[in-house]
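Participant: This is the structure I want to talk about, given as structure tokens.
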Amino acid sequence: MTMVKLIAGNWKMHGTSEDLGEVRTIAEWSKKFEGAVEVALCVPATLIHRAAEAVPGFLIGAQDIHHKEKGAHTGDVCAAMLHDAGAGIVIVGHSERRDAHREADGHVKAKAEAGLGAGLKVILCVGESLEEREAGRAVETVGRQVDASLPAGPVDTGTFALAYEPIWAIGTGRVAEVEDIEEMHSAIRERLVAAYGETGAGVRILYGGSVKASNAGEIFAVPNVGGALVGGASLKAADFLPIVEAGAD
């Protein structure tokens, strides 16, 4: 059975109510590829409710989640709050949070489990730095992250995905070579199968890192690439929709 690719946009700290027109356009045009590709937009927390109301039935998501159900966690947002706002998917463990917020693998695992346990779809991110890549430790580093960050099984291949994002390629315009993507996604697949058995063979592994219309088709043709986590190119429908179309081919 062909794996339906997941194309998720990560708006990061961009987007206000003025940008809802882009959300509407992306959602409307994505209907053309319904069944061939799954599309989501992970917008800032302040925009989730308005985006979800603007595009009923389209998958709107969050960029982070707190692993606790409630409590004295100033500024944090839990799964129930995300559900209430209209989110259906959440990103956890993005390198920008692992770095700037010092999130360890165990913390990421707890967030993934909190999201899945509350009925949210989850995209769990892993990736290596340029220093680790140049030192020949890329596969080792990412493998260690995968092993320590994966939520306890079993998992549902429809609700859990893993995103490989080489840190040095995020927002830089640099993209990993096809051979490097294939090597890493293959290594991640082995880890997923080791953790979840046969189910691990069906978990989608997204690629992220300067994905755009001009390279999406080549990336999606790589074995074990089950979609993309797209940053800057997801902010505008004109840039994002060609990537969606490439994923549907």
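Participant: Kindly indicate which of Ile181, Ile205, Ile219 is under 18 Å from the mean Cα position of the chain (by Cα), touching a residue at least 24 places away in the same chain (Cβ under 8 Å) and under 22 Å from Glu131 (Cα atoms).
Facilitator: Exactly one of Ile181, Ile205, Ile219 is under 18 Å from the mean Cα position of the chain (by Cα), touching a residue at least 24 places away in the same chain (Cβ under 8 Å) and under 22 Å from Glu131 (Cα atoms), namely Ile181.
Participant: Can I ask one more? Say we look at segment 1-27 and pick out the residues that are touching a residue at least 24 places away in the same chain (Cβ under 8 Å) and of a type in the set (D, E, K, R); which of these is surrounded by the fewest Cβ atoms within 10 Å (Cβ to Cβ)?
Facilitator: Filtering segment 1-27 for residues that are touching a residue at least 24 places away in the same chain (Cβ under 8 Å) and of a type in the set (D, E, K, R), the one surrounded by the fewest Cβ atoms within 10 Å (Cβ to Cβ) comes out as Arg24.
Participant: Still on this structure, please answer the following. Would you pick out the residues in segment 25-44 that are within 19 Å of Phe160 (Cα to Cα), in contact with a helix residue (DSSP H, G or I) (Cβ under 6 Å, 6 or more places away or on another chain) and not in a strand (DSSP E or B)?
Facilitator: Ala36, Val43
Participant: Checking Arg204 against (1) over 20 Å from Val92 (Cβ atoms); (2) out of contact with any helix residue (DSSP H, G or I) (no Cβ under 9 Å at 6 or more places or on another chain); (3) among the charged types (D, E, K, R), which test does it fail?
Facilitator: Single failed check for Arg204: (1).
Participant: Also: Does Ser214 qualify as being over 15 Å from the mean Cα position of the chain (by Cα) and not aliphatic (A, V, I, L, M)?
Facilitator: Against the criterion (over 15 Å from the mean Cα position of the chain (by Cα) and not aliphatic (A, V, I, L, M)), Ser214 qualifies.
Participant: When both residues are 6+ apart or on different chains and their Cβ atoms are under 8 Å apart, which pairs have a first residue that lies in segment 190-202 and is within 10 Å of Val146 (Cβ to Cβ) and assigned to a helix (DSSP H, G or I), and a second that is modelled with pLDDT of 95 or more and acidic (Asp, Glu)?
Facilitator: As it stands, the answer is Arg191/Asp147; Ala195/Asp147, since those pairs meet every condition given.
Participant: Within the group Val92, Val37, Val77, which residue is in contact with an Asp or Glu (Cβ under 9 Å, 6 or more places away or on another chain), more than 17 Å from Glu113 (Cα to Cα) and aliphatic (A, V, I, L, M)?
Facilitator: Values: Val92 fails: more than 17 Å from Glu113 (Cα to Cα); Val77 fails: more than 17 Å from Glu113 (Cα to Cα).
Answer to the check: Val37.
Participant: Still on this structure, I have one more. Can you pull out the residues in segment 212-249 that are in contact with a Leu (Cβ under 8 Å, 6 or more places away or on another chain) and either within 13 Å of Ile181 (Cα to Cα) or outside any helix (DSSP H, G or I) (or both)?
Facilitator: The answer is Val225, Gly226, Gly227, Ala228, Leu229.
Participant: Let me ask another. Kindly evaluate Glu38 against the criterion of being among the acidic types (Asp, Glu), surrounded by fewer than 20 Cβ atoms within 10 Å (Cβ to Cβ) and at negative phi.
Facilitator: So Glu38 does not fit the description; no.
Participant: Of the numbered conditions (1) of a type outside the set (S, T, N, Q); (2) out of contact with any Ser or Thr (no Cβ under 7 Å at 6 or more places or on another chain); (3) over 21 Å from Glu140 (Cβ atoms), Glu190 satisfies every one except a single condition; which is it?
Facilitator: Here Glu190 meets the rest and fails (3).
Participant: Also, quick follow-up: Please enumerate the residues belonging to segment 1-24 that are under 18 Å from the mean Cα position of the chain (by Cα) and in a helix (DSSP H, G or I).
Facilitator: Val23
The values are calculated or read from the model by the stated rules, or taken from the named source; none is laboratory data. Since this is a predicted model, take the numbers as computed values, not measurements. So basically every Cβ, Gly included, is an ideal-geometry build from the backbone, and we count neighbours across all protein chains shown.
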